[in-house]
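**Student:** One structure is given below, represented as structure tokens, and several questions about it will come after.
The values are calculated or read from the model by the stated rules, or taken from the named source; none is laboratory data. It should be emphasised that the depicted structure is a prediction, and the values quoted were computed from it without experimental measurement. Every residue, glycine among them, receives a Cβ derived from its backbone with ideal geometry; neighbour counts consider all protein chains shown. Side chains included, ligands, DNA and RNA excluded: accessible areas come from the protein's heavy atoms. Shrake-Rupley method; radii C 1.70, N 1.55, O 1.52, S 1.80 Å.
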Amino acid sequence: MRILIRVLPLALLLGPAIGAEPPQQGKDAGSPPAWAYPVNPPDDKPAPDDGSLKHVPGSSKAMTRTQALDSFNIPDWHTDEHPAMPDVVEHGRKPDVRGCGYCHLPNGLGRPENASLAGVPASYIEQQVADFRRGARISSEPKMAPPAAMIVIAAAATDAEVKAAAGYFSRLKLKPWIRVVETQTVPKTRVSGSMFVQVEGGDTEPIGLRIVETPENLERTELRDAASGFIAYVPVGSVKKGEALVTTGGEGKTTQCAICHGPELRGLGPVPPLAGRSPSYIFRQLYDIQHGVRQGEWSELMRAPVARLSEEDLVSIAAYLASRTP
């Protein structure tokens, strides 16, 4: 999959007036932006299993929906596209340690509600688990399920399991996975399975000051197909604004990201890569650090660079970083 930045033609942008701000469900003063922190509605449930065998392109495997949703025997549709997984990545350990590859996928590419771990330094991954374990890394939205799950998993996982998982994911290569599209109007979405999915009917609405990241193919994503990526809609002009902030520091507003994250933003030593990662995830991390809820060992180094950034700046930075080739 190739990362593409393009502006959707206005002729295709049907919906409310351009520039109107879309409704922000659950948004109130002091709360994090709901678009970045999807919270499942109380009645959210996986689609029922009709017992039929499911297939995905490029795989000879067949699974029922129940098998594809087993977090202790994770669905691995493309076994020839990654090395053998450690047991903790493939099966986890009941009751609290889910297989790491269930959420982060066997190839480490992850989903918008969690982290892409492919190519992230092992020492950094281990440190993040330690931060979850000791309460130094939490979410600005406590009701968001994936960060809450990581706190439970981190507390239950052994040091040996964490080391095995970190070593595995660090050796994987991040591939182009997210298609970035600048637009003024986006499909209407709802939260399901801790991510935003398009509503039926094809209705649209103004993007406002948001990133809307959604599956390219919902059925394949729900089956945990690690070969089916995501599309990230971002505001028109945000990639260019983000480029200026990332590459120059925005005339002293922040620090050039390449100083720590490498000249191509692909990491430097123990510092994690940023290029080609989920913009929703990047925004949340910047926001959490800025608001003091992410306080791990490495977070203090980021405090000054994010201190003076507006929410629009964070959106622009995340859009630009996601648009880069990993």
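**Student:** Is there a residue in the stretch 110-117 that is assigned to a loop (DSSP other than H, G, I, E, B), among the acidic types (Asp, Glu) and either within 22 Å of Glu213 (Cβ to Cβ) or open to solvent by 60 Å² or more (accessible area, probe 1.4 Å) (or both)?
**Tutor:** So far as the stretch 110-117 goes, yes, one or more of its residues are assigned to a loop (DSSP other than H, G, I, E, B), among the acidic types (Asp, Glu) and either within 22 Å of Glu213 (Cβ to Cβ) or open to solvent by 60 Å² or more (accessible area, probe 1.4 Å) (or both).
**Student:** Output the number of the condition that Leu223 fails; it satisfies all remaining conditions of (1) under 16 Å from the mean Cα position of the chain (by Cα); (2) open to solvent by less than 20 Å² (accessible area, probe 1.4 Å); (3) of a type in the set (A, V, I, L, M).
**Tutor:** That leaves (1) as the condition not met.
**Student:** So, one more: Considering only residues that are open to solvent by 40 Å² or more (accessible area, probe 1.4 Å) and in contact (Cβ under 8 Å) with a residue 12 or more places away in the chain, which ones fall in the stretch 151-163?
**Tutor:** Step one: of the stretch 151-163, the residues open to solvent by 40 Å² or more (accessible area, probe 1.4 Å) are 151-152, 155, 158-160, 163.
Within the stretch 151-163, Ile151, Val152, Ala155, Lys163 meet the criteria.
**Student:** Could you tell me whether Pro263 is surrounded by 22 or more Cβ atoms within 10 Å (Cβ to Cβ) and part of a loop (DSSP other than H, G, I, E, B)? Before you say what the answer is, go through the steps one by one.
**Tutor:** Values: surrounded by 22 or more Cβ atoms within 10 Å (Cβ to Cβ): no; part of a loop (DSSP other than H, G, I, E, B): yes.
Spelling it out, it is not the case that Pro263 is surrounded by 22 or more Cβ atoms within 10 Å (Cβ to Cβ) and part of a loop (DSSP other than H, G, I, E, B).
**Student:** Scan (1) touching a strand residue (DSSP E or B) at 6+ places or on another chain (Cβ under 9 Å); (2) among the acidic types (Asp, Glu); (3) open to solvent by 70 Å² or more (accessible area, probe 1.4 Å) for the single condition Glu81 breaks and write down its number.
**Tutor:** It fails just one condition, (1).
**Student:** Continuing with the same structure: Is it the case that the stretch 43-51 has a residue that's closer than 22 Å to Met144 by Cβ and open to solvent by less than 20 Å² (accessible area, probe 1.4 Å)?
**Tutor:** no
**Student:** From the list Ile74, Ile125, pick out the single residue that is modelled with pLDDT of 95 or more and either surrounded by fewer than 21 Cβ atoms within 10 Å (Cβ to Cβ) or closer than 30 Å to Leu268 by Cα (or both).
**Tutor:** Ile125
**Student:** Could you check, for the stretch 195-202, whether at least one of its residues is surrounded by fewer than 17 Cβ atoms within 10 Å (Cβ to Cβ) and either touching a Phe, Trp or Tyr at 6+ places or on another chain (Cβ under 7 Å) or touching a residue at least 24 places away in the same chain (Cβ under 8 Å) (or both)?
**Tutor:** no
**Student:** Identify the residue in the stretch 175-222 that is under 17 Å from Asp44 (Cα atoms) and either assigned to a loop (DSSP other than H, G, I, E, B) or aromatic (Phe, Trp, Tyr) (or both) and, among all such residues, is modelled with the lowest pLDDT.
**Tutor:** Top of the filtered list is Glu200.
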